[in-house]
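Just so it is clear, none of the values below were taken in a lab; they were calculated from the coordinates. Treat the numbers as computed from the prediction; the structure is a model and nothing was measured. Here Cβ is always computed from backbone atoms with ideal geometry, including for glycine, and neighbour counts include all displayed protein chains.
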Amino acid sequence: MRLAGRHALVTGAGRGIGLHIAKALAAEGARLTLVGRSAPLLQQASSACRSAGSPRTDISPRDLTERGALRGLAASIAGQIDILVNNAGSAPSAPLEQTGEVLWEQTFGLNIFAPFVLCKATLPAMLERGWGRVVNVASTAALHGYAYTSAYTSSKHALLGLTRALDAELRHRNPEADVSVNAVCPGFVDTELLRPTLERLVKGGASESEARDRLGSMNPGGRLLRPEEVAEAVVRLVCEEPAVTRGAAVELLAGLG
């Protein structure tokens, strides 16, 4: 129960990586606010988190691509959050000529603008209290370039840039504060978000097993990551006392941890 008395907010918490992060934080005793589009999924996640050990779990069903909903969330949590996990994201894939302005704007809205707004709402109070943790779930796409993902890869590079800039600013403003901003950078993770990519490969002639092996081979370590592995990396950063990892891009290596 290393996080007893701490209040954590997790976006995209209804399923996949976000759900596993929420349950892992719950197991450490954190109070939780779960954000996602689907109220029924968030209700299920809330029950799972309470069973895992969270003393209190609230839900906030919101579409973070909607500016009004995002600003409403930011206003409701300002000054109340000790741990912010920006996990919600989208991963569209399209050739450059088929990447329209709407797709670009929606991808950047969820993958970088929402984390920016939520960091702006929570970090000043963390700095004032002298303790806080922000973990942005980025991607190996924040470190490398991948074909047919111009919007996604660009947004994750931007998220990593935001991570580094904010941590540098916090060090400058109050070097004594135990507040950190970091990013975890997984490759392909075996969640529902992987399904569209698998389906595209299957339509191209691969079997599902071959498609999964192909995607896994692109990860460091040669296999698909499990969402639990991403959650473990997030918890390590959050529970670090004091925070010595600052402004880092933690690339997850399948099979090495």
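Within the chain, DSSP assigns beta bridges of which about 0% are antiparallel (rounded to the nearest 5). Here's how it looks for Arg6: its modeled amide H is under 5 Å from those of Arg31, which are all 5 or more places away or on a different chain. For His172, His20, what ranking results if the residue with the fewest other Cβ atoms within 10 Å of its Cβ goes first? Fewest to most other Cβ atoms nearby, the residues stand as His172, His20.
Once backbone amide H atoms are built at 1.01 Å from N, Glu251 has Cys185 as its partners under 5 Å, excluding neighbours fewer than 5 places away on the same chain. Of the residues Met126, Met1, Met218, the one with the fewest other Cβ atoms within 10 Å heads the list, and the complete ranking is Met1, Met218, Met126. Helix 227-239 sits at what angle to the longest principal axis of the chain, using alpha carbons and giving 0 to 90 degrees rounded to 10? That works out to roughly 30 degrees. Here segment 99-217 was treated as a single set of alpha-carbon atoms; its pair distances binned every 5 Å from 0 give 2, 10, 17, 18, 16, 13, 9, 7, 4, 2, 1, 0 percent.
Axis of helix 16-27 versus longest Cα principal axis of the chain: the two differ by about 30°, to the nearest ten degrees.
Between helix 67-77 and the chain, what is the angle of the helix's C-alpha long axis to the longest principal axis, kept within 0 to 90° and rounded to the nearest 10? That works out to roughly 30 degrees. For the peptides 188-197, 201-210, the ranking by mean Cβ contacts within 10 Å, running from highest to lowest, is 188-197, 201-210.
Amide hydrogen proximity for Asp58: with H placed 1.01 Å from N in the peptide plane, the residues at 5 or more positions away or on another chain lying under 5 Å are Leu32, Thr33, Leu34.
Every helix of 4 or more DSSP H residues in the chain counts as -39500 (n - 2.57), and over all residues that averages to -14500 deg cm²/dmol at 222 nm.
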